[in-house]
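The values are calculated or read from the model by the stated rules, or taken from the named source; none is laboratory data. Fair warning: this is a prediction, and the values are worked out from it, not measured in the lab. Reconstructed Cβ throughout: ideal geometry from the backbone, glycine too, with neighbour counts over all protein chains shown. What goes into the accessible areas is simple: the full protein's heavy atoms, side chains included, and nothing from ligands, DNA or RNA. Shrake-Rupley method; radii C 1.70, N 1.55, O 1.52, S 1.80 Å.
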Amino acid sequence: KCRRLTREVYSGLTPWERLCGFNTFEALAFRTGDVDMPQNAIPDKASAVCQIRFVPGSDESKFLPAIRRHLDGNGYQQVTLEQSRGLMRATRTEPDHPWVKWAAASLERTMGARPAVLPNLGGTIPNDVFTEILGMPTIWVPHSYSACSQHAPNEHLLAPIVREGLLMMTGLFWDLGEAGTPA
């Protein structure tokens, strides 16, 4: 059962809670007017590229109709909507799954600290191919930090983060080859 997420509730959540706990609608880029001939008037057209990050269990077939109803109800019938790319479903591997427990224990042995375990992966990468089609649990081990501008023109990765990522993955792959690894 979904509940309406108010601005007050949303603003009190951590970035991880916002990412993993709720569906979000984001404007990634927009364009209005003519930058080569700016006018001091309301532009005659505008366009935006938006994305919906959604959590597992969401009925993604209802997103565009809900946005359409919202726009129409607020007098924006002239706005057109279109889905621009194929859908990648949100996935979840439960934190108590044996593979998650195994991977978390491996990472803790390697790094000397317990990793944060989040159950969801938003619907923006094709992880559903593994979880839904092949029926395989998946884990995601990030090698980044919040200011890296991931997938942006100025994307970057700091050397200490690369070293830490290599260490984590080396330990994980080493442990994968040991006897007693879950099947």
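Numbers below:
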{"item": "Matching residues, the stretch 150-183, being among the aliphatic types (A, V, I, L, M) and more than 20 Å from M136 (Cβ to Cβ)", "result": "A152, L157, L158, A159, I161, V162, L166, L167, M168, A179"}
{"item": "Residue match in the stretch 66-83 (condition: in contact with a strand residue (DSSP E or B) (Cβ under 9 Å, 6 or more places away or on another chain) and at pLDDT below 90)", "result": "no"}
{"item": "Out of A152, A159, sole residue that is farther than 25 Å from F25 by Cβ, without any contact (Cβ under 8 Å) to a residue 24 or more places away in the chain and exposed (fewer than 13 other Cβ atoms within 10 Å of the Cβ)", "result": "A159"}
{"item": "Among (1) open to solvent by 90 Å² or more (accessible area, probe 1.4 Å); (2) at pLDDT below 85; (3) acidic (D, E), the one test that D96 misses", "result": "(2)"}
{"item": "Complete set of residues in the stretch 50-66 that are among the charged types (D, E, K, R) and in a loop (DSSP other than H, G, I, E, B)", "result": "D59"}
{"item": "Number of positions in the stretch 1-52 that are over 30 Å from P119 (Cα atoms) and at pLDDT below 70", "result": "0"}
{"item": "Criterion (open to solvent by less than 70 Å² (accessible area, probe 1.4 Å), modelled with pLDDT under 90, touching a strand residue (DSSP E or B) at 6+ places or on another chain (Cβ under 9 Å) and not in a loop (DSSP other than H, G, I, E, B)) met by exactly one of T131, T124", "result": "T131"}
{"item": "Residues of the stretch 134-143 classified as of a type outside the set (A, V, I, L, M, F, W, C) and open to solvent by less than 40 Å² (accessible area, probe 1.4 Å), total", "result": "1"}
{"item": "Test set (1) without any contact (Cβ under 8 Å) to a residue 24 or more places away in the chain; (2) under 30 Å from A48 (Cα atoms) - A105 fails condition number", "result": "(2)"}
{"item": "Counted residues, the stretch 34-69 - those being over 22 Å from the mean Cα position of the chain (by Cα) and under 29 Å from D128 (Cα atoms)", "result": "2"}
{"item": "Selection status of P137, under 30 Å from K62 (Cα atoms) and not in a helix (DSSP H, G or I)", "result": "yes"}
{"item": "Filter result for the condition that a residue is free of Cβ contacts under 8 Å to residues at least 24 places away in the same chain, open to solvent by 70 Å² or more (accessible area, probe 1.4 Å) and either part of a loop (DSSP other than H, G, I, E, B) or in contact with a Gly (Cβ under 8 Å, 6 or more places away or on another chain) (or both), over R85, R89, R69", "result": "R85"}
{"item": "Condition met for E108 (open to solvent by 90 Å² or more (accessible area, probe 1.4 Å) and of a type outside the set (G, A, S))", "result": "no"}
{"item": "Residue among V117, V79 that alone is in contact with a helix residue (DSSP H, G or I) (Cβ under 6 Å, 6 or more places away or on another chain) and over 28 Å from R163 (Cβ atoms)", "result": "V79"}
